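Heads up, the thing below is written out as structure tokens.
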Amino acid sequence: LHFFGLDDERLDLCSMLTRRANADQIHDLLISMLNCVGSNIRDYKVDTTKRKLDPEFAEFLRAKLTPEEYAERFPDNMETSQYLRFAHYNNDVDEATTDPYIWLTEGEESRGTLNMIRLMIILIDAANTNSLATIDECAMGIHQETFNRIIQFYLSISNGSQVFLATQALPVLDMDGFRRDTARFFDKDFKTGVSTVEAIDLRKFHANKNIYKNYVDHAFGGKPTVPSNEEWVSQLKAFHKELCEDSSLC
């Protein structure tokens, strides 16, 4: 079982895209998928640079790492860095321009786009290896229609794999192809810290009952502990008063 969180720093996209035997296959598949979900990305590439380690810094690293680890990460005392760039169509390109693309760095892409690519790679790998995977906050920053298509894509290529998706993105309950018998709702008791899990009673919540609306109405728990409307109005006034006491803005 593999556990992933889309905001996990260990999910380095450069490594996910290059350190694999099927990098070319993944490249073509991801570009095709991105074109199907409304993305303007038409290509990507990973640039690699190398530089000699400073001798003092190299000694510091040797003291922290085993000889095997150091030799693997810094062969010949060289540090390797990778930079991911994405190609977008350049609508203002002139005839003299040879490259029809604008290349954006990974840092210039939106978090949702990067999470979308991470999600697709995890799902492809799970399907290819017939393995189990758990993905936390699986829809983080991803448009609902795009998320729907990515899940439908996974279901179409998976034969022996299984993926458990955790999310607080409620529109998932309304997406095309959602199967209510696959959903589980977790509700934490903040006094004890214990979470309870509830499946959907298919006899009570039949196909004519909207699961999304029932969840919003707290039919499956999950109601946040918040002040009443009257208490909240009073609290807002207290916040405002406290702010004004320490600010010249009021």
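Side notes on the structure shown:
- The residues of the range 192-208 that are surrounded by 13 or more Cβ atoms within 10 Å (Cβ to Cβ) and in a loop (DSSP other than H, G, I, E, B), listed by number, are Ile200, Phe205.
- Candidate set: the range 155-187, residues that are over 28 Å from Gly221 (Cβ atoms) and assigned to a helix (DSSP H, G or I); chosen: the one least open to solvent (accessible area, probe 1.4 Å): Ile157
- Of all residues in the range 174-188, those that are over 14 Å from Phe164 (Cα atoms) have Cβ atoms under 6 Å from Cβ atoms of residues that are of a type in the set (Gly, Ala, Ser) and assigned to a strand (DSSP E or B), 6 or more apart or on another chain, in Asp187/Gly221; Lys188/Ser195.
- Selection of first residues in the range 121-136 that are more than 23 Å from Phe186 (Cβ to Cβ) and open to solvent by 60 Å² or more (accessible area, probe 1.4 Å) and of second residues that are in a helix (DSSP H, G or I) and not acidic (Asp, Glu), restricted to Cβ pairs under 9 Å at least 6 apart or on distinct chains, gives the following pairs, ordered by first then second residue: Asn128/Ile157.
- Residue match in the range 133-140 (condition: in a loop (DSSP other than H, G, I, E, B) and touching a Lys or Arg at 6+ places or on another chain (Cβ under 7 Å)): no
- You will find that of Arg73, Arg51, the residue that is over 31 Å from the mean Cα position of the chain (by Cα) and more than 30 Å from Gln144 (Cα to Cα) is Arg51 and no other.
- Residue within the range 218-241 that is open to solvent by less than 80 Å² (accessible area, probe 1.4 Å), touching a residue at least 12 places away in the same chain (Cβ under 8 Å), at negative phi and not β-branched (Val, Ile, Thr) present: yes
The values are calculated or read from the model by the stated rules, or taken from the named source; none is laboratory data. No experiment lies behind these values; they were computed from the predicted model shown. Cβ: placed from backbone, ideal geometry, glycine included. Neighbour counts: every protein chain shown. For the accessible areas, the whole protein counts, side chains as well, though only heavy atoms, and no ligand, DNA or RNA atoms are used. Shrake-Rupley method; radii C 1.70, N 1.55, O 1.52, S 1.80 Å.
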